[in-house]
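Visitor: Structure in structure tokens, see below.
The values are calculated or read from the model by the stated rules, or taken from the named source; none is laboratory data. Being a predicted model, the structure only gives us computed values, none of them experimental. A quick note on method: Cβ atoms are made from the backbone with ideal geometry, for glycine too, and the neighbour counts reach across all protein chains shown.
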Amino acid sequence: MKRTLYLMLLMLAAVILGEVAGKATLAPFDVLGKSKSIKFMPDQFLIDTDVIQLAFGIYIKLNLGQVLFILLALFIYYKTVAKLIPGK
């Protein structure tokens with residue numbers, strides 16, 4: 001449980017810092033801000049009533065800075081988890 005929480009906190013920090021780094025880069029490193037989005041919005045998962053319309057789907061937008069920070073977070077996790085949270 002503690003290891004999972006530690007990993008989730010590292011991932012959240014990586015996504016936030018990657019987004020900031022991707023938007024704050026200057027001319028030579030503007031490639032970090034390039035983003036790609038993935039969208040899955042099927043029409044059959046749409047609930048439409050007179051009061052509310054509810055749709056189920058997934059929309060993911062990642063930039064290169066976020067991907068690099070996520071890889072860095074995974075590296076940090078595997079190098080530090082055994083020292084920080086001793087267990088199995």
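Visitor: How about segment 44-74: which of its residues are surrounded by fewer than 11 Cβ atoms within 10 Å (Cβ to Cβ) and of a type in the set (A, V, I, L, M, F, W, C)?
Guide: Here is the first cut: in segment 44-74, the residues surrounded by fewer than 11 Cβ atoms within 10 Å (Cβ to Cβ) are 44, 47-54, 58-60.
Matches in segment 44-74: I47, V51, I52, L54, I58, I60.
Visitor: If you don't mind, another one. Anything in segment 14-23 that is over 9 Å from G65 (Cβ atoms) and exposed (fewer than 14 other Cβ atoms within 10 Å of the Cβ)? List them, or say none. Reasoning before the result, please.
Guide: The initial filter retains those residues of segment 14-23 that are over 9 Å from G65 (Cβ atoms), namely 14-16.
Within segment 14-23, just I16 meets the criteria.
Visitor: Quickly run through segment 59-88 and pick out the residues that are among the hydroxyl-bearing types (S, T, Y) and either under 13 Å from A13 (Cβ atoms) or touching an Asp or Glu at 6+ places or on another chain (Cβ under 8 Å) (or both). Even if it seems obvious, please write down each step before you answer.
Guide: Of segment 59-88, the ones among the hydroxyl-bearing types (S, T, Y) are 59, 77-78, 80.
Answer for segment 59-88, where residues must be among the hydroxyl-bearing types (S, T, Y) and either under 13 Å from A13 (Cβ atoms) or touching an Asp or Glu at 6+ places or on another chain (Cβ under 8 Å) (or both): just Y77.
Visitor: Among G22, G87, G57, which is the only one that is closer than 28 Å to M1 by Cβ and at pLDDT below 85?
Guide: Answer to the check: G87.
Visitor: Right, another one. Any residue in segment 11-33 that is in contact (Cβ under 8 Å) with a residue 12 or more places away in the chain and farther than 17 Å from L72 by Cα sitting within a Cβ distance under 7 Å of a residue that is part of a helix (DSSP H, G or I) and aliphatic (A, V, I, L, M)? List the pairs, counting only those 6 or more apart or interchain.
Guide: Partner pairs satisfying both residue conditions: T25/L32; V31/L64.
Visitor: Of the conditions (1) of a type in the set (A, V, I, L, M); (2) at pLDDT 80 or above; (3) surrounded by 10 or more Cβ atoms within 10 Å (Cβ to Cβ), M41 clears all except one; give me its number.
Guide: (2)
Visitor: Sticking with this structure for a sec: Take G33 and decide whether it is surrounded by 12 or more Cβ atoms within 10 Å (Cβ to Cβ) and at pLDDT below 80.
Guide: Criteria met by G33.
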